[in-house]
Every structure is written in C-alpha cells, then in structure tokens.
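Before any comments, here is the structure.
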Amino acid sequence: MRIDIITVLPELLESPFQHSILKRAQNKGVVEIHLHPLRDYSTNKHRTVDDYSYGGGAGMVMCIEPIAKCIDKLKSERTYDEIIYMSPDGEMLDQKISNQLSTLKNIIILCGHYKGVDERIREHLITREISIGNYVLSGGELAAAVVCDSIIRLLPGVLNDETSALFDSFQDGMIAPPAYTRPADFNGWKVPDVLLSGNEKEIDKWRHEQSLERTKQRRPELL
Ligand code: SAH
C-alpha cells in the first residue's frame, strides 16, 4: 500500500511513522508513506498556501492552486483509490472504515489547517472525508496519523502474530476481553483462575463471555 500525505507541517508527521509498528511496516516494504510539504506547491514567492475568507470573518482558508497542483502531480504518476480530506464534519472513523481502507492500494490524505480548505477542493478533488471524532483539532496531521496507524496495523505481515488484529476491540463487533500478565498475584490482586488453568476451551469461552459482558455494559450500541 502507498499513502501520500499532503501537509503544511510535514515535521509533525515524521515521528509517528518512525517508531514501532509503523516503522516496521515500512521497513518490511508493506507500506510506503510519502509526505508532501504543501508549501513546495505554492504559486507565489512567499510560499503561502492560504488566503482571506471571501465574505470576511476570522481565519484563513487554504487555497485551491497548491493543493490542486500537488494532487494533479500525484495523479499523473499513478491511480488513486481514494483522495481523503481529514475533516471534523466527515464520516466518523471506525474499525469498519479502517478495514476497508486497508484493502486499497494507493491513497492520498489531505490535511487541513486554519479554517480548512476552499470548498471547491472538497467538491471536485476529494473522494472521501473522514473525521476522527466530534471535536476540532488545529490541523489534520494528527488525525491523518490516527487513520494511518489504524490502517497499517491491519496490513498482512505487519503485526507479529498474524491473527492478533482479528481479536482487537470492534473487529468482531465486540470489545476485547481483559488481559493479564505476570505476576499471577500482586499483593492479593489475582488473575482469574481460568487463565492459569491451561484449558484452552474454557479460556476461549471465558474470553468470549467477558467480551460480551463488556460490550453490553460499555458499548451496547455495537450489539
Ligand atoms: N473550521 C473548521 C475546522 C477547521 S480545523 C470547522 O469548523 O469544521 C483545521 C483542520 O484540522 C481541518 O481542515 C481538518 O483537516 C483538521 N481537523 C480538525 N478536526 C478534525 C477532526 N475531528 N477529524 C479530522 N480532521 C480534523
């Protein structure tokens, strides 16, 4: 998979992709991440990419030209399955969307700033708009990192234990059961006996019951 991210703040996105699972995924060649500094596509010598809002009011708006120039260049090099704009009013990211995006080959993610982008970009160039929650961030970079992380960990060969993503919360419409590790007894706080029993069938049954119980209590809308 290839992900192209268009941003005015590439520095903000460097670290999330340089560690742990996301780094390993790139080293293994499972995913390629390309950051495109939007200012490189500015059409003026001051390298600006925003301008005042028509109709007045506070806040700058990101201009069409640099964004269109960058997207056109990328599109001339390969075909994209989706051109995504991170936006608080987009469809809300969930595991289903991440699963679906993880099956795509090439995607572009556009990060907004200021008041957001000129509406005509959304009308004519963007194929999908994604929000990471009902709150407003100052820019789309952290949201893009969240989307990328949730997609990349699903790509085959990224997680060490191939099946482990299958048991994550939401993957089967339920949230994950509680997990424990050593010591089995910490000052009287004990690990449930069944997990120490070695009886796989009983353990699976217990985990399933716990998942169901937690989902009912915490996320009944998933059931
Ligand atoms: N004025 C806009 C918010 C702009 S916030 C509004 O009220 O809708 C600046 C940028 O941050 C947006 O263009 C978007 O790319 C990003 N952003 C902010 N909140 C976000 C969220 N919840 N999910 C995804 N992207 C978000």
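The values are calculated or read from the model by the stated rules, or taken from the named source; none is laboratory data. Everything quoted here is computed from the prediction, not taken from an experiment. Note: ideal-geometry Cβ built from the backbone for every residue, glycine included; neighbour counts use all protein chains shown. Side chains are part of the model used for accessible areas, which takes the heavy atoms of the whole protein and leaves out ligands, DNA and RNA. Shrake-Rupley method; radii C 1.70, N 1.55, O 1.52, S 1.80 Å.
Here are the numbers for the structure shown:
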item	result
The stretch 68-87: number of residues that are within 16 Å of the ligand (Cβ to nearest atom), buried (at least 18 other Cβ atoms within 10 Å of the Cβ) and either under 21 Å from the mean Cα position of the chain (by Cα) or not assigned by TED's automatic domain parsing to the domain that holds Leu13 (or both)	6
Some residue of the stretch 124-139 being assigned by TED's automatic domain parsing to the domain that holds Glu32, more than 21 Å from the chain's Cα centre (by Cα) and within 30 Å of Ala58 (Cβ to Cβ)	yes
Residue ID - most open to solvent (accessible area, probe 1.4 Å), chosen from residues in the stretch 103-122 that are more than 10 Å from the ligand (Cβ to nearest atom) and under 18 Å from Leu155 (Cβ atoms)	Lys105
Qualifying positions in the stretch 156-212 - polar (S, T, N, Q), open to solvent by 40 Å² or more (accessible area, probe 1.4 Å) and assigned to a loop (DSSP other than H, G, I, E, B)	Asn160, Thr163, Gln171, Thr181, Asn187, Ser197, Asn199
When residues of the stretch 123-150 are limited to those that are within 10 Å of the ligand (Cβ to nearest atom) and assigned to a strand (DSSP E or B), the one most open to solvent (accessible area, probe 1.4 Å)	Glu129
